[in-house]
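Enquirer: There's a structure below that I have some questions on.
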Amino acid sequence: MIKVAINGYGTIGKRVADAVAAQPDMEVIGVSKTSVSAEAYIAKERGYPLYIADLGKKPAFEKAGIEVAGDVEAMLKAADIVVDATPGGVGEKNRPIYEKLGKKAIFQGGEDHEVAGFSFNAHANYNEAENHQFARVVSCNSTGLVRIIHALDQAFGVARVRAVMVRRGADPDDVKRGPIDAIVLNPASIPSHHGPDVNTVLPHINIVTLAMIVPTTFMHMHSIQMDLKKETTREEVLKVFENHSRIGLVRKTMGIKSNAQLREYTQDLGRPRTDLWENGVFEESVSILDGKEFYCFQAIHQEADVVPENIDCIRALMGTVKDSQESIRMTNEALGLVAIG
Ligand SMILES: NC(=O)C1=CN([C@@H]2O[C@H](COP(=O)(O)OP(=O)(O)OC[C@H]3O[C@@H](n4cnc5c(N)ncnc54)[C@H](O)[C@@H]3O)[C@@H](O)[C@H]2O)C=CC1
Ligand SMILES: O=C(OP(=O)(O)O)[C@H](O)COP(=O)(O)O
């Protein structure tokens, strides 16, 4: 069993912890919090040993009825590998302790590529991970882009990509963030970080991305155009998506035309926390013009799509499963990830 520590039990960390616990070859040896919160109660309820950054806060946790197993360093010492899901920028500060203890670590998309020196996506570069101490799972939007670009690149070759990201303003619990009544160019300059981020995994792809944020809390929406190298048809492209275990199709017959309806659907499916782990490509939008021009809209659930990638990244860094497809199959099966559509 691979012993996994989750440093930072927030939006991403709590999902990764549950996903690790569901795997046949991994166990959660601990999760960390900085202060008493609802998530600390969830960790207790799930039975995950809870470690804290500052032992001076132990009495506050105990007063709240939450047992503290030790400090973060003790958790790290007990682990084979740590998933760092602390807020963007904190991972960089944590890196020296992972180096000192000689622990493998996975950072998230809020960190720069240089923090790990290797950026990861299971379908695209699983086999390059072995022998690295550190990896970074690219951000949620970048993960969604890498999946679809890599799939079409494998099938037809991709000459260039132009994409616009309409990004959710905040996560559902993030009450302090906005915007409440605005469309914010984020950034106003071009490109947004997503294109260069895709290039950390797929360096040969010619890509330019633009991004803005809007007053919603669940899911980003991408408008994507790619020039393909080989001529193809809409039907062939749809087959590529149907055969990809982390690209789902929002079928025309479902009548879903928004992030809100898609979230209702994942909720009705009984997905944990309503998570859409796969890309949600809108079937109706998939178009091929003049044989080589591809267009689509896809929804990306920001809280969820990086979760299975973190699980595969654990196996890839540990070198326990050599075949990427086998790891992806194991992860999907344990999560109950059967792509929609
Ligand atoms: N929320 C999202 O939509 C996505 C986030 N990411 C990335 O994942 C990372 C984590 O983001 P979220 O889960 O949204 O953050 P979050 O704020 O929901 O959770 C972070 C957790 O880390 C804990 N924490 C803070 N400082 C800490 C420290 N010094 N040591 C240990 N724990 C500490 C907090 O208590 C909290 O539980 C970031 O790099 C972010 O960019 C990636 C994809 C999507
Ligand atoms: O990784 C994400 O988005 P991104 O791919 O646009 O950087 C997550 O939605 C977190 O983004 P945030 O930095 O807006 O919280």
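The values are calculated or read from the model by the stated rules, or taken from the named source; none is laboratory data. Predicted, not measured: the structure shown is a model, and the values here were computed from it. All Cβ positions, even for glycine, are placed from backbone atoms using ideal geometry, and neighbour counts span all protein chains on display. For accessibility, only protein heavy atoms count, side chains too; no ligands or nucleic acids. Shrake-Rupley method; radii C 1.70, N 1.55, O 1.52, S 1.80 Å.
Enquirer: Within segment 126-136, can one find any residue that is touching a strand residue (DSSP E or B) at 6+ places or on another chain (Cβ under 7 Å) and within 12 Å of ligand 1 (Cβ to nearest atom)?
Expert: So in segment 126-136, the residues touching a strand residue (DSSP E or B) at 6+ places or on another chain (Cβ under 7 Å) come out as 129, 133-136.
After this cut, where a residue has to be within 12 Å of ligand 1 (Cβ to nearest atom) as well, the list is 136.
Yes; the residues of segment 126-136 include at least one that is touching a strand residue (DSSP E or B) at 6+ places or on another chain (Cβ under 7 Å) and within 12 Å of ligand 1 (Cβ to nearest atom).
Enquirer: Now for a separate question. Is segment 293-307 home to any residue that is in a helix (DSSP H, G or I), outside the structural domain of residue 21 (by TED's automatic domain parsing) and open to solvent by 30 Å² or more (accessible area, probe 1.4 Å)?
Expert: Checked segment 293-307: no residue is in a helix (DSSP H, G or I), outside the structural domain of residue 21 (by TED's automatic domain parsing) and open to solvent by 30 Å² or more (accessible area, probe 1.4 Å).
Enquirer: Take residue 325 and tell me if it is open to solvent by less than 10 Å² (accessible area, probe 1.4 Å) and farther than 20 Å from residue 105 by Cα. I'd like the intermediate steps shown before the answer.
Expert: Numbers: open to solvent by less than 10 Å² (accessible area, probe 1.4 Å): no; farther than 20 Å from residue 105 by Cα: yes.
It is false that residue 325 is open to solvent by less than 10 Å² (accessible area, probe 1.4 Å) and farther than 20 Å from residue 105 by Cα.
Here is a yes/no grid of residues against (1) open to solvent by 30 Å² or more (accessible area, probe 1.4 Å); (2) part of a helix (DSSP H, G or I); (3) touching a helix residue (DSSP H, G or I) at 6+ places or on another chain (Cβ under 9 Å); (4) within 28 Å of residue 129 (Cβ to Cβ):
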position: 41; (1), (2), (3), (4): yes, yes, no, no
position: 44; (1), (2), (3), (4): yes, yes, no, no
position: 48; (1), (2), (3), (4): no, no, yes, yes
position: 58; (1), (2), (3), (4): yes, yes, no, no
position: 61; (1), (2), (3), (4): no, yes, yes, no
position: 65; (1), (2), (3), (4): yes, no, yes, no
position: 68; (1), (2), (3), (4): no, no, yes, no
position: 73; (1), (2), (3), (4): yes, yes, yes, yes
position: 76; (1), (2), (3), (4): no, yes, yes, yes
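Enquirer: Residue check, residue 35 against (1) within 9 Å of ligand 1 (Cβ to nearest atom); (2) crowded, with 23+ Cβ neighbours inside 10 Å, all met but one. Which one?
Expert: (2)
Enquirer: Quick one: in segment 84-108, of everything that is more than 14 Å from residue 73 (Cα to Cα) and open to solvent by less than 30 Å² (accessible area, probe 1.4 Å), which residue is nearest to ligand 2 (Cβ to nearest atom)?
Expert: 108
Enquirer: All but one of (1) within 18 Å of residue 313 (Cα to Cα); (2) part of a strand (DSSP E or B); (3) of a type outside the set (Ser, Thr, Tyr); (4) away from ligand 1 (no atom under 14 Å from the Cβ) hold for residue 163; which doesn't?
Expert: (1)
Enquirer: Considering only residues that are part of a helix (DSSP H, G or I) and within 20 Å of the chain's Cα centre (by Cα), which ones fall in segment 229-259? Step through it out loud before you land on a result.
Expert: Quick first cut of segment 229-259, residues part of a helix (DSSP H, G or I) only: 234-242, 252-254, 259.
Across segment 229-259, the qualifying residues are 241, 259.
Enquirer: Restricting attention to segment 197-228, report how many residues are in a strand (DSSP E or B), open to solvent by less than 40 Å² (accessible area, probe 1.4 Å) and closer than 13 Å to residue 141 by Cβ.
Expert: Number satisfying all stated conditions: 7.
Enquirer: Output the number of the condition that residue 18 fails; it satisfies all remaining conditions of (1) within 13 Å of ligand 1 (Cβ to nearest atom); (2) over 18 Å from residue 91 (Cβ atoms); (3) part of a helix (DSSP H, G or I).
Expert: (1)
Enquirer: Would you confirm, using the coordinates I've provided, whether residue 284 is outside any strand (DSSP E or B) and either in contact (Cβ under 8 Å) with a residue 12 or more places away in the chain or of a type in the set (Val, Ile, Thr) (or both)? Outline the logic, then answer.
Expert: Details: outside any strand (DSSP E or B): yes; either in contact (Cβ under 8 Å) with a residue 12 or more places away in the chain or of a type in the set (Val, Ile, Thr) (or both): yes.
When the stated conditions are applied, residue 284 passes them.
Enquirer: Could you say which residue among 129, 116 is away from ligand 2 (no atom under 13 Å from the Cβ) and open to solvent by less than 10 Å² (accessible area, probe 1.4 Å)?
Expert: 129 is the lone residue from the list that is away from ligand 2 (no atom under 13 Å from the Cβ) and open to solvent by less than 10 Å² (accessible area, probe 1.4 Å).
Enquirer: If you go through segment 274-292, how many residues are farther than 28 Å from residue 334 by Cβ and β-branched (Val, Ile, Thr)?
Expert: 2
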